[in-house]
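Accompanying notes for the structure given below.
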Amino acid sequence: MSKLKIYGKANPVVGIKEYYSINDFFGSSHPTSLDQSQFQSLSDDEIKWSIWVLERGSWVKKSDNNKTGRTVHYTFYQRSLTRKGIRMLVDVNGEKAVLDIKTEKSTQGKIVHVDLLDNNYNKPTRPFAYGDWIIAKVHCVDMELLPVKVTLWEDDGDKTKQNTTNVRIETKISDILNGIAYGKFYLNPSHAWLANAKLAKGDKNEGEFHEYYVTAEIFEKISKRVASKNANIPNPDYKPEAQAPKKQTPAEKKGPSKKEEKGIAKSDKNVHDYYETKVSVKNEISTNPVWEKINSVMKVWMPDEKNKKENTCVCKENNFYWSNKLTCKERKKVLEVCSSLWGEANKKEKASELMSIIHLESANTFSPSVDNGVGFSGLIQFSDAAAKSVGTTRSALKKMTFIEQMDYVKKYFEPKKNQLITMTDLYLLVVKPNAVGHGNNPDYILFDESISVPDGDGSNTSYEQRMININREPWVTKYGYASNPPFMKENDEHKLREKWVYTRQRKEQRWGFHNGKTTVAEVTQELKEEHYDRGASQIFKGRCEDIEEEKSESTDFERAPWMKLAWIEEAKKLKETGSNEEIQKFFNNTPYEKSMKKKTENEKDIPWCAAFVNWVMTNYGYTGLNRFDTVRALKWATWPEGKDLKKPIYGAIAVKTRKGGGHVGFVVGKKGSKIVILGGNQGNALQCVTYNESDYFAYVVPKNYDVMEDEYNLVEYNGNPAKKTSEK
């Protein structure tokens, strides 16, 4: 019996690639038995490696670091220095060996390497193209909070001569945090002509692809510059060179065959001619997935069937408003329904409209079982009659999943799908079917409390008949006004007043004017401002739950990932000027967006610390605060998607009171006995400022964020934060 061991360095220096093996090369580890003959016959796939970390007293496997083979390599990064425990495990058909890892600090700061990620900070699952964003992720060791210079280049053949032969596209400055810095670059289609204009020596043209890469450097030290791998971007101006005339084959040169010379019919199979040459036909269709991106913007890149993986998804390529509220399968179902009803080319636009209507009708829940208590249920609030029209019942609909109920939503819209040109018409089929077709007429009256109905106040009508009537015309037109207060847009209209209630035969407090009216314009305004426009910030940007995580060679486990957006903004050194559009963008999708764009208000007029936090969280993919709450800092203490830790950790949303209101920002570390907060409106700028921990009463993180025990030990902030200053 031999002993299974892990051979390799138990104390690796961060940032240095180390090799580990079951072959006897270097050190040793805790052994278990393994039969020698079994060891010799092993395949690489039978030797499985994994990394485990100690979190809250338990060992947790980090599956993105799984590997196979007799010898593997790992690079541990800055984050590993703060781990309470790291363990490497090798499993060979049930036999295991363990090596406890304790990383050591690097004696010299350096940039380790640069990864290129897609706009969602993930490894790209399809080729880049002009019009995409490239995120450069720079891995560094022992250079915390130093500024790194990140540059995008177009490669003309020699990365060692960037300043003389290659084209510098753009440079960003980003601070290093937890060993990571980011640079975000837009592949502007206008760059294509520049790449085509400057050719490398000996080249006649730029060819089928332009090659881009990113470099990172510290303190302008070009000798220490680290470059990423190249990304091939299809050249939109490329035209293949004309092909030379085809040369005749020997068979073509030799003239007619003897069979032809003798006049023997080709159909006569009793006479055979000899063969001139062999022909080899490859049994496949040649495709170029990169060019598919150029040929059709709407087409999603798919790998060859031979290499097709199960972890592909079209969630992000085919995104739509409110899609972050659904699972992968639910998103696909919405697109499938909209494609079937309105065509493939219109499916995303219609999906955004349909989801906005579901958001309104389901009281923001997107739940198939939601019931309003007065006879309407489901995603689009089916009545008993509407449920019957699609072959089911309200009771059955409430028991369905989202995906199952979407089939009945499709059935409901299908008969009139060609009349549903506008989003308002789409909604009118739900709320007022006899008004479909008037979606473009803003003055058309949908509900009118002043009209008369056949049975008057209903006092001579039975309860059963009244409950039938209330879902019929003209009762819907008369009583629909008071039942829909969100559509009341006139001054003083949205108030409770004493009115006669037809179904209950008594006077009650109901919304709206006496004899009030609802127009198409008011419904359109509510639908667009409160449900469609708000959905624009709720587009799915996270990791699809149906995609297996990409394997990584890194053990750099990122915490508080939303903070990368905050640091990108901090690197811009934003200050109030009265016309700073970079600050004013934080007010997008808030009640102040229009006034900012019209220049009737600016960032000096309205405190923007909460707007900055809201912008970061919603752009990362969370649901933020709505309407005027977007500028109310204290609202973050009770954020519906958050949980209050009561203690600061990196990335927590810190909330405090101040005279006349509140203040909010992100925790980024400590400076001596104080905490450091990155936030807006701190000295009229977006910057880091020191505070006492007791100044803040809430430290909030997303509910689905797993907090590790060691995160409560804040890292010392190595920069020079400002002292506590004005927050107005």
Task: Which listed residue is outside any helix (DSSP H, G or I) and either modelled with pLDDT of 85 or more or assigned by TED's automatic domain parsing to the domain that holds Ser352 (or both), from Thr503, Thr524 - done: Thr503
TODO: Kindly indicate the residue of region 637-658 that is closer than 15 Å to Pro721 by Cβ and under 25 Å from the mean Cα position of the chain (by Cα) and also surrounded by the fewest Cβ atoms within 10 Å (Cβ to Cβ) among those meeting that condition.
DONE: Tyr650
Open item on the list: If I ask for residues that are surrounded by 15 or more Cβ atoms within 10 Å (Cβ to Cβ), polar (S, T, N, Q) and farther than 22 Å from His531 by Cβ, which ones from region 390-411 would you list?
Closed with: Thr392
Open item on the list: Here is a check on your reading of the model: is Ile568 outside the structural domain of Ser174 (by TED's automatic domain parsing), closer than 30 Å to Asn684 by Cα and at pLDDT below 90?
Closed with: yes
TODO: Would you tally the residues in region 577-610 being among the charged types (D, E, K, R) and over 19 Å from Arg632 (Cα atoms)?
DONE: 5
TODO: Could you list all residues from region 644-671 that are within 25 Å of Glu569 (Cα to Cα) and among the small types (Gly, Ala, Ser)?
DONE: Gly651, Ala652, Ala654, Gly661, Gly662, Gly665, Gly669
Open item on the list: Please go through region 348-379 and give me each residue that is surrounded by fewer than 22 Cβ atoms within 10 Å (Cβ to Cβ) and charged (D, E, K, R), ordered by number.
Closed with: Lys348, Glu349, Asp371
Task: Qualifying positions in region 668-705 - at positive phi and in a strand (DSSP E or B) - done: Gly669
TODO: Considering only region 575-607, state which residues are in contact with a helix residue (DSSP H, G or I) (Cβ under 6 Å, 6 or more places away or on another chain) and buried (at least 20 other Cβ atoms within 10 Å of the Cβ).
DONE: Gln584, Phe586, Phe587, Thr590, Met596, Glu603
Open item on the list: Against the condition over 27 Å from Cys328 (Cα atoms), in a strand (DSSP E or B) and in the same structural domain as Tyr481 (by TED's automatic domain parsing), how does Leu446 come out, does it pass?
Closed with: yes
Task: Count of region 497-529 residues which are free of Cβ contacts under 8 Å to residues at least 40 places away in the same chain, under 40 Å from the mean Cα position of the chain (by Cα) and surrounded by fewer than 19 Cβ atoms within 10 Å (Cβ to Cβ) - done: 2
- [ ] Check region 105-127 and report whether any residue there is under 27 Å from Ala231 (Cα atoms), aromatic (Phe, Trp, Tyr), in contact with a strand residue (DSSP E or B) (Cβ under 9 Å, 6 or more places away or on another chain) and assigned to a strand (DSSP E or B).
- [x] no
- [ ] May I ask you to verify whether Thr393 is under 20 Å from Glu330 (Cβ atoms) and without any contact (Cβ under 8 Å) to a residue 40 or more places away in the chain?
- [x] no
Task: Pair list, Cβ under 8 Å, 6 or more apart: region 575-597 residue in the same structural domain as Asp629 (by TED's automatic domain parsing) and on the phi > 0 side of the Ramachandran plot, other residue in a loop (DSSP other than H, G, I, E, B) and crowded, with 19+ Cβ neighbours inside 10 Å - done: Gly578/Asn602; Gly578/Glu603; Asn589/Ser537
- [ ] For Gly69, work out the one condition from (1) closer than 17 Å to Tyr20 by Cβ; (2) loosely packed, with under 15 Cβ neighbours inside 10 Å it doesn't fulfil.
- [x] (2)
Task: Of residues in region 107-130 being among the polar types (S, T, N, Q) and either modelled with pLDDT of 85 or more or within 25 Å of Ser50 (Cβ to Cβ) (or both), the one surrounded by the most Cβ atoms within 10 Å (Cβ to Cβ) - done: Thr125
TODO: Exactly one condition in (1) more than 18 Å from Cys140 (Cβ to Cβ); (2) at pLDDT below 85; (3) in the same structural domain as Pro127 (by TED's automatic domain parsing) is not met by Tyr212; state its number.
DONE: (2)
Open item on the list: I'd like to check something: does region 659-682 contain any residue that is modelled with pLDDT under 85, crowded, with 19+ Cβ neighbours inside 10 Å and of a type outside the set (A, V, I, L, M, F, W, C)?
Closed with: yes
TODO: Select from region 315-334 the residues that are over 16 Å from the mean Cα position of the chain (by Cα) and within 25 Å of Glu529 (Cβ to Cβ) and list them in ascending order.
DONE: Val334
Task: Contacts under 6 angstrom Cβ, first residue in region 447-462 being touching a residue at least 24 places away in the same chain (Cβ under 8 Å) and on the phi < 0 side of the Ramachandran plot, partner in a loop (DSSP other than H, G, I, E, B) and polar (S, T, N, Q), 6 or more apart - done: Glu449/Asn515; Ser450/Asn515
Open item on the list: Looking for something among the charged types (D, E, K, R), modelled with pLDDT of 75 or more, out of contact with any strand residue (DSSP E or B) (no Cβ under 9 Å at 6 or more places or on another chain) and farther than 21 Å from Leu678 by Cα - is there at least one such residue anywhere in region 577-598?
Closed with: yes
Task: Failed item, numbered, when Asn692 is tested on (1) in contact with a strand residue (DSSP E or B) (Cβ under 8 Å, 6 or more places away or on another chain); (2) polar (S, T, N, Q); (3) under 14 Å from Ala566 (Cα atoms) - done: (3)
Task: Pairs where the first residue, in region 146-161, is over 17 Å from Trp193 (Cα atoms) and the second is small (Gly, Ala, Ser) and modelled with pLDDT under 70, C-beta under 8 Å, 6+ apart - done: Gly157/Ala200; Asp158/Ala200
Task: Subset of region 579-636 that is charged (D, E, K, R) and outside any helix (DSSP H, G or I) - its residue that is nearest to the chain's Cα centre (by Cα) - done: Arg632
Open item on the list: Looking at Thr165 and the list (1) modelled with pLDDT under 85; (2) buried (at least 19 other Cβ atoms within 10 Å of the Cβ), which single condition is not satisfied?
Closed with: (2)
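The values are calculated or read from the model by the stated rules, or taken from the named source; none is laboratory data. Please read these numbers as outputs of a predicted model, since none were measured by experiment. All Cβ positions, glycine included, derive from the backbone under ideal geometry; neighbour counts span all protein chains shown.
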